[in-house]
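*Asks:* Got a structure for you, written out below as structure tokens; questions coming shortly.
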Amino acid sequence: MNFELTKEQLQIQAVAREFAETKLLPGVIERDEASEFPIELFREFGKTGAYGLPYAEEFGGAGGSYMDYALAVEEVSKVDASFGIAFSVDTSLYGGSIMNSSASDEIKKKYLAPITYGEKIGSFGLTEHSAGSDAAGQTTVATKKGDKWVINGAKCFNTNGPLADFSIIYSLTDPALGTKGMCAFVVDKGTPGFTVGKIENKMGIRCAQVSELHLENVEVPEENMIAQPGEGFKLAMKALDGGRIGVAAQGLGIAKGAWEIARKYMMEREQFGKPIAKQQYLAFKMAELQAKIQQAELMVYRAAWMKDNGKPYSVPAAMAKMTATNCAMEVTTEAVQMLGGNGYMREYHVERMMRDAKITQIYEGTNEIQKLIVSGTLFR
Ligand code: CAA
């Protein structure tokens with residue numbers, strides 16, 4: 001067993017950290033207030049090859065690993081969790097749907113390569129108003145018409161939705177068959193009838209763009225069907241298994257970022273004639289939180305390692321997701337408390353991190369759904 005990162009991984013971490021501190025940090029508060037996504041910065045970071053880290057070079061990827069990808073998501077999320085989720089959805093939910101699909105290599109190259117370097121952006125359309133935790137409750141329907149498919153329906157809570165050049169759309173071919181007839185398509189932005197609906201005004205991850213996507217008689221060529229009828233649900237579940245490692249890494253990054261802000265603050269802030277770090281109650285709390293962060297880190301890295309080494313990783317990913325995101329919520333809440341009145345103010349960052357942390361317990365499967373996945377394997 002080896003707990004050390006490789007030279008390449010330390011390099012990926014350093015590049016992502018430098019980018020986060022020099023490019024993402026300035027303006028992160030203003031972007032949060034304005035609910036503005038830093039699209040130019042997203043493209044700039046893409047030039048490092050980050051969004052294709054876990055994918056093979058022949059498909060435009062960097063030929064790295066999921067561990068590399070998790071490290072990069074963690075670093076950017078220490079500073080800007082909105083950027084972290086846009087990255088994670090692009091790589092693991094969109095990219096994972098493409099790469100795990102039955103699409104031809106030509107289609108895989110066409111729809112994966114441009115996202116790996118940030119030239120194009122991808123989104124993942126599974127959730128609908130009636131299909132949240134119950135992902136099988138889809139109502140979007142695809143009907144065969146000659147050599148095309150015609151899709152009708154609507155998706156919601158779609159991260160990157162308004163920005164995406166390509167979107168994965170999960171659909172039913174026959175509502176009577178339910179998931180047994182579920183398929184998936186990759187749909188290009190600008191396809192007639194494919195429009196962006198309501199853009200959400202959110203509590204946290206306010207820079208990330210999240211919207212409805214509407215499909216009205218959207219015609220898609222046969223080759224864009226990336227999961228055949230009956231294979232769509234499994235493709236979505238597989239993409240989510242990988243996505244949950246991304247959200248876990250995002251949670252880990254938020255927790256580490258907020259903890260570090262609290263640590264620095266506690267060494268500078270004096271009350272009762274000494275830095276508040278010298279108050280044993282507060283120092284003990286920080287020790288407790290650091291232990292929880294390291295626990296989450298082990299689980300996130302292990303889940304990525306399991307995926308990279310071809311081992312079953314649905315359950316490790318679910319456990320890492322719930323552990324790291326609960327950790328993010330606890331650490332950010334405590335960080336606000338550590339900073340007292342200042343913690344409640346925007347310029348200290350931790351209140352934003354606390355708002356950002358909340359959604360990590362909810363999306364890509366609520367933490368209750370993660371418990372369902374884990375508990376389902378315990379009593380066989
Ligand atoms: N990998 C491959 N196949 C899987 C699988 C997995 N991880 N999990 C289940 N399957 C297969 C099963 O083997 C089963 O196959 P058979 O029919 O051949 O037996 C089939 O899928 C159905 O499985 P279940 O009966 O377990 O399915 P279910 O309807 O009970 O649902 C669930 C299971 C885990 C609760 C699932 O619905 C789920 O994950 N829900 C949460 C959805 C979710 O995470 N949504 C987030 C969307 S993205 C987002 O958050 C927005 C964003 O942009 C960030």
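Bear in mind that the values in this text are calculations on the coordinates, not laboratory data. Because the structure is a prediction, the values reported are computed rather than measured. Cβ coordinates were reconstructed from backbone atoms using ideal geometry, including for glycine residues, and neighbour counts include every protein chain displayed.
*Asks:* Points 7 angstrom from Cα along the Cβ direction at GLU368 and PHE272: gap in nanometres?
*Replies:* So the two model labels end up 4.1 nm from each other.
*Asks:* Would you mind estimating how fast region 7-116 diffuses translationally, via Stokes-Einstein at 37 °C and 0.692 mPa s with the Kirkwood radius over Cα pairs, in µm²/s?
*Replies:* Value of D from the Cα-based Kirkwood radius: 232 µm²/s.
*Asks:* In addition: Using the charge dipole of the chain (Lys, Arg: +1 at Cβ; Asp, Glu: -1 at Cβ; taken about the Cα centre), state which of PHE379, ILE369, PHE87 has its Cα farthest towards the positive end.
*Replies:* Final value for the positive-end residue is PHE379.
*Asks:* By how many degrees, between 0 and 90 and to the nearest 10, does the Cα long axis of helix 280-308 differ from the longest principal axis of the chain?
*Replies:* For 280-308 against the chain, the angle is about 30 degrees.
*Asks:* Could you tell me the convex hull volume per residue, in Å³, taken over the Cα atoms of region 168-243?
*Replies:* Per residue, the Cα convex hull of region 168-243 comes to 126 Å³.
*Asks:* Can you list, bin by bin at 5 Å, the percent of alpha carbon pairs in region 144-281, starting at 0?
*Replies:* Each 5 Å bin holds this share of Cα pairs: 2, 9, 13, 15, 15, 11, 8, 6, 5, 4, 4, 4, 3, 1, 0, 0.
*Asks:* If you line up the Cα atoms of region 179-222 on their principal axes, what length do they span on each, largest first, in Å?
*Replies:* Sorted largest first, the three principal extents are 38, 27, 14 Å.
*Asks:* Do the sum for the chain: with -39,500 (n - 2.57) for every DSSP H run of n ≥ 4, divided by all residues, what is the mean residue ellipticity at 222 nm, to the nearest 500 deg cm²/dmol?
*Replies:* -15500 deg cm²/dmol
*Asks:* FRET efficiency for THR143 and ALA34, Cβ-Cβ distance as r, R0 = 41 Å, nearest 0.05? Mind dumping the intermediate values first?
*Replies:* Working: r = 41 Å, r/R0 = 1.00.
E(calc), rounded to 0.05, equals 0.50.
*Asks:* Enter the Cα centre distance for the pair region 13-81 and region 180-219, rounded to the nearest angstrom.
*Replies:* 23 Å
*Asks:* Further question: Determine the gain in length on full extension of the stretch ASP134-ARG346; use 0.36 nm per residue of separation and subtract their C-alpha separation, reporting nm with one decimal.
*Replies:* 72.7 nm is the gain from fully extending ASP134 to ARG346.
*Asks:* Using only the alpha carbons, work out the radius of gyration and Dmax of region 90-135 in angstrom.
*Replies:* 12.2, 34
*Asks:* Order of 298-310, 64-76 by packing, highest average Cβ count within 10 Å first?
*Replies:* The peptides rank, most packed first, as 64-76, 298-310.
*Asks:* Sort 320-333, 145-158, 346-359 by the packing proxy (mean of other Cβ within 10 Å over each peptide's residues), most packed first.
*Replies:* Working: 320-333: 26.6, 145-158: 17.9, 346-359: 22.0.
Listed from highest to lowest mean packing, they are 320-333, 346-359, 145-158.
*Asks:* What's the Cα-based Rg to Rh of the chain, Rh via Kirkwood?
*Replies:* Rg divided by Rh gives 0.99.
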